[in-house]
Amino acid sequence: RVPCLDLGRLGDSDEEDGDSYMPYTGRYPHTCRLDSPSDWKTSLQKPYAQHQQAPQQKTIPENLPPPTDRYKLKYRQYQADRKEEYKQYSQRIAEKKKDQLQRPEASIKDTQLEDAHNDGLTALDEKALLQQCYTSKPYNMQHSIRKSEAEDVAAERRKQAVIEQVMVDQLSRAVISDPEQSTRGDVSKEAHGLLGFGTGPMRLRKRTLHETKIRTKSGLTENMLSNKLRFDSRIISRNGRDACRELIGFFFACDRSLTVYEFRQFGKNRTNALPFIQKGVYQHQRGQKKGKAYNLTDFYIGANLTFRSVDHNLPESVKQNPVLTLRVTGIDEAAMDFLKASSMEFKQECSKQVADNSEVFKKVQGLCILRKTLSKRGVRVITGLGKYFRNVDKARSGFLSRADFKEALKVFHLEITEGDFESLWLILDDSKSGKVEYGEFIRAVFGEMNEYRKAFVRKAYMKLDFNKTGSVPMVDISKCYCAKKHPLVMAGKATEEEIKSSFLETLGESCSNPNEVSYSEFEDYYEGLSIGIMDDQDFINILRNPWGI
């Protein structure tokens, strides 16, 4: 006799519950006698086999009351509603398939804006208007917050890296190596007639301790450099490589000097900040303040900072224009408020910000004829003008004469009075050279999108032009453009390929080379599209949805 479990009793508990075994308590209720090893094996396997073969059935209580009439009525209504919804869904799917099979080419034209047909728009105008439908938010709220936070953190890291580099560059120059030390001795000796013929300058000769000044005028301390205004800027240029340069500048209140640094990203982890405009006191080169030194009142979003190109070590593409123009795209508001409170000059000139002849520009841009023409034809007019100017400019200098601009206005049926045109020309041709950069002329006549919108246009183009060559092949644009979130595609009224082909066709019409898109052509396209969109957020969504920025 050997002790054993009452396996039959454990199996009975499983049959009653249907889903669990009775827990083993470790007690032996009785003993059993096994005549052979086969009996032992059979007794162990029998309950497990019974458990495997037993069907798992749901237990239904025996005393369950029957459903009430009210419950039966609700259930019948629920069934009817579900059947009707499924029927309507099946009909919609069938109609969409039928429309796509019968009218694949007319699906876009039938879904245009209702007023587009009544204004005599061309086919290119109607296809360009399709891009204005991307006004829905591309991301949910949580994704948008997470994406914006990541962008803010990356931007703050870039600015902090540039600030540290500026402080290192300005403070690491010791007084003994200051350029002022190299000229002071020569000036004093020349005044006393001691500087003989053939004698080299002080920087090439041995300087004694008595000829060294303890403290120079340009000697700076960290406290002096801390009173600075940081501002973001960009180059106003038709060259894509130059227009997408990331520039961060600083205006120092202690000596009214400024400097501009360029932030460069090499791969994911390597960055560098190099001086683009060396630290110094500079004057306006254009406008009503020409010849006056820059002060705190000259820095605000949308302000233009002008410099002579020959005075700086700039890239050759930038030096083609004798005047370098930087547009301020953002400023450090906290630093500006602090400097305002501590600057007596700013309090006296607070309300005297001069927007260079803005009244004349506003008068021309506010003409009813121009606004009516550009309301729905902005893309065709702006891109067409840019293409026309590039074809006329045989020398590729970017400048055209007065006669060329008048002829262009006549070709595109843009009516500007002779008096307004002369006032405009006097402002633009301030150097009296007889020629004006045609990008500047377009901005003066039609205006331009604000810096908030322009930043997203640059971000989209920089995503496409990852090699920073200034032009993007049309094949890459076709690969990157995504029409999945277009309202007509989501409603089933147009395919992704139709929306993409309409965009590529309108963009290709504005390009001088149909196989590639330059930055100026890309910017002109969205410049024209921006005219008909009043809300900034709608315009940003138009860029975010197809480009994923």
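The values are calculated or read from the model by the stated rules, or taken from the named source; none is laboratory data. Note that the structure is a prediction, hence the values are computed from the model and not measured. Neighbour counts are summed over all protein chains in view; Cβ atoms, including those assigned to glycine, are modelled from backbone coordinates with ideal geometry. The area values use the complete protein model at the heavy-atom level, side chains included, leaving out ligands, DNA and RNA. Shrake-Rupley method; radii C 1.70, N 1.55, O 1.52, S 1.80 Å.
The residue that is most open to solvent (accessible area, probe 1.4 Å), counting only those in region 469-492 that are assigned to a loop (DSSP other than H, G, I, E, B) and closer than 16 Å to Phe522 by Cβ, is Thr469. Within region 506-534, being touching a Leu at 6+ places or on another chain (Cβ under 7 Å) and assigned to a helix (DSSP H, G or I) holds for Thr506, Glu509, Tyr525, Ile531.
Taken as a whole, the condition of being open to solvent by 20 Å² or more (accessible area, probe 1.4 Å) and among the β-branched types (Val, Ile, Thr) does not apply to Thr506. The set of residues in region 247-272 being under 21 Å from the mean Cα position of the chain (by Cα) and either surrounded by 19 or more Cβ atoms within 10 Å (Cβ to Cβ) or modelled with pLDDT of 90 or more (or both) consists of Leu247, Ile248, Gly249, Tyr261, Glu262, Phe263. Within 18 Å of Ala491 (Cα to Cα) and either at pLDDT below 55 or surrounded by 10 or more Cβ atoms within 10 Å (Cβ to Cβ) (or both) - does that describe any residue in region 63-82? Checked region 63-82: no residue is within 18 Å of Ala491 (Cα to Cα) and either at pLDDT below 55 or surrounded by 10 or more Cβ atoms within 10 Å (Cβ to Cβ) (or both).
Annotation: Phe466 fulfils all but one of (1) in a helix (DSSP H, G or I); (2) without any contact (Cβ under 8 Å) to a residue 40 or more places away in the chain; the unmet one is (1).
A single member of Gly492, Gly434, Gly439 is at positive phi and in contact (Cβ under 8 Å) with a residue 40 or more places away in the chain, and it is Gly492.
Identify, from the list Tyr526, Tyr519, the residue that is touching a Cys at 6+ places or on another chain (Cβ under 8 Å) and open to solvent by less than 30 Å² (accessible area, probe 1.4 Å). Exactly one residue qualifies, and that residue is Tyr519.
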